[in-house]
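Trainee: Sharing a structure, written as structure tokens. Questions coming.
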Amino acid sequence: MELKRPLLGRGPVRHRRLWPRAHAFEVPSFFLLLPMRSLRLQPDEALARNRAAWVSFHDADHGDGGPDALAWCEALLAREGVDGVDGEIGLQCFPRVAGHAFKPVSFWFCERRDGSLRAVLAEVHNTFGERHVYLLEGEGLARGAEVQARKVFHVSPFADVQGRYRFRFHRRAGADARCIARIDLDDDQGRALLQTSIAGQLEPLTAPALRRAALAQPLHSLMLVARIHWHALRLWLKGVPWFSKPLPPTELVSR
């Protein structure tokens, strides 16, 4: 396996509600795209991993909260019978900024040796300290093919636990490298409820690149949380129904 370098992505997080009230917002963001197996073999000095820094990555923010998030991912794939992941495992996630972690969704891109995607783990965390993993499989994942999963995990009080997610992933290499992850939600009647995406231009993760991102958004995670609460208030004022939190699913993984 050819060793890869970590990447930094900079771009918008978009959220558009279509029903029962129209509401949309877009916020600037930056994220990490980490080749976890390459980093196991060759740590990168530009990445502050499991140590204090203004922008850092901590394994404990993912998986079961242990010291090795990659080992958790590999063990989960083995338990679920997902074979053929003999290439890189890339993790797209928000970093800790100023010691604060906000990771509503992270994506584990599990590759075959030839670089094609075997599976994607969408690791979702809610504000109640709960987590769930949607295991996505299907040909053409990296080419934008749609993969669906039934919604089983409570995330927002303005969306009931029903319906289906539609996931799509795009990645472009080269001088104008960029990636985008789209997650749309339809209700059980097939009506479109939400359209969301995380997108960004990609560049090598270097100390200067991290400084530029941090200076542009010095309180990145905290500001994301603040903006989400502000828009939640606006949804409430618009009369969007509020749903109480149900018990979390009994199984960590759904397919």
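Trainee: For the range 191-211, indicate whether the set of residues that are in contact with a Ser or Thr (Cβ under 9 Å, 6 or more places away or on another chain), crowded, with 17+ Cβ neighbours inside 10 Å and closer than 30 Å to Gly81 by Cβ is non-empty.
Mentor: yes
Trainee: Would you call Ser38 under 25 Å from Ala199 (Cβ atoms), of a type in the set (S, T, N, Q) and in contact with an Asp or Glu (Cβ under 6 Å, 6 or more places away or on another chain)?
Mentor: Against the criterion (under 25 Å from Ala199 (Cβ atoms), of a type in the set (S, T, N, Q) and in contact with an Asp or Glu (Cβ under 6 Å, 6 or more places away or on another chain)), Ser38 does not qualify.
Trainee: If you don't mind, there's one more thing I want to ask. Counting only residues that are modelled with pLDDT under 95 and either out of contact with any helix residue (DSSP H, G or I) (no Cβ under 7 Å at 6 or more places or on another chain) or open to solvent by 20 Å² or more (accessible area, probe 1.4 Å) (or both), how many does the range 85-111 have?
Mentor: Going through the range 85-111 one residue at a time, the tally reaches 6.
Trainee: Inspect the range 153-170 for any residue being of a type in the set (Val, Ile, Thr), crowded, with 18+ Cβ neighbours inside 10 Å and within 25 Å of Ala78 (Cα to Cα) and give the result as yes or no. If you could, list the steps in order and put the result at the bottom.
Mentor: Our first condition is that a residue be of a type in the set (Val, Ile, Thr); within the range 153-170, this holds for 155, 161.
Those still in the list that are crowded, with 18+ Cβ neighbours inside 10 Å too: 155.
Then drop every residue that is not within 25 Å of Ala78 (Cα to Cα), which leaves none.
Looking for residues that are of a type in the set (Val, Ile, Thr), crowded, with 18+ Cβ neighbours inside 10 Å and within 25 Å of Ala78 (Cα to Cα), one finds none in the range 153-170, hence no.
Trainee: Inspect all residues belonging to the range 8-17 and state whether any of them is assigned to a loop (DSSP other than H, G, I, E, B), basic (Lys, Arg), open to solvent by 30 Å² or more (accessible area, probe 1.4 Å) and over 18 Å from Pro208 (Cβ atoms).
Mentor: No.
Trainee: Mind listing whichever residues of the range 109-129 are more than 15 Å from the chain's Cα centre (by Cα) and touching a residue at least 24 places away in the same chain (Cβ under 8 Å)?
Mentor: Glu111, Arg112, Arg113, Asp114, Gly115, Ser116, Leu117, Arg118, Phe128
Trainee: Contact list please: Cβ distance under 6 Å, first residue in the range 238-255 and in contact (Cβ under 8 Å) with a residue 60 or more places away in the chain, second residue among the acidic types (Asp, Glu), pairs at least six apart or on different chains.
Mentor: Pairs found: Phe243/Asp160; Pro248/Glu130.
Trainee: Gly81 is checked against (1) more than 24 Å from Met1 (Cα to Cα); (2) in a loop (DSSP other than H, G, I, E, B); (3) open to solvent by 40 Å² or more (accessible area, probe 1.4 Å) and fails just one. What number does that condition carry?
Mentor: Gly81 satisfies all of (1) more than 24 Å from Met1 (Cα to Cα); (2) in a loop (DSSP other than H, G, I, E, B); (3) open to solvent by 40 Å² or more (accessible area, probe 1.4 Å) except (1).
The values are calculated or read from the model by the stated rules, or taken from the named source; none is laboratory data. Owing to the predicted nature of the structure, the values given are computational and were not obtained by experimental measurement. Glycine also receives a Cβ, built like all others from the backbone with ideal geometry; neighbour counts cover every protein chain displayed. For accessibility, only protein heavy atoms count, side chains too; no ligands or nucleic acids. Shrake-Rupley method; radii C 1.70, N 1.55, O 1.52, S 1.80 Å.
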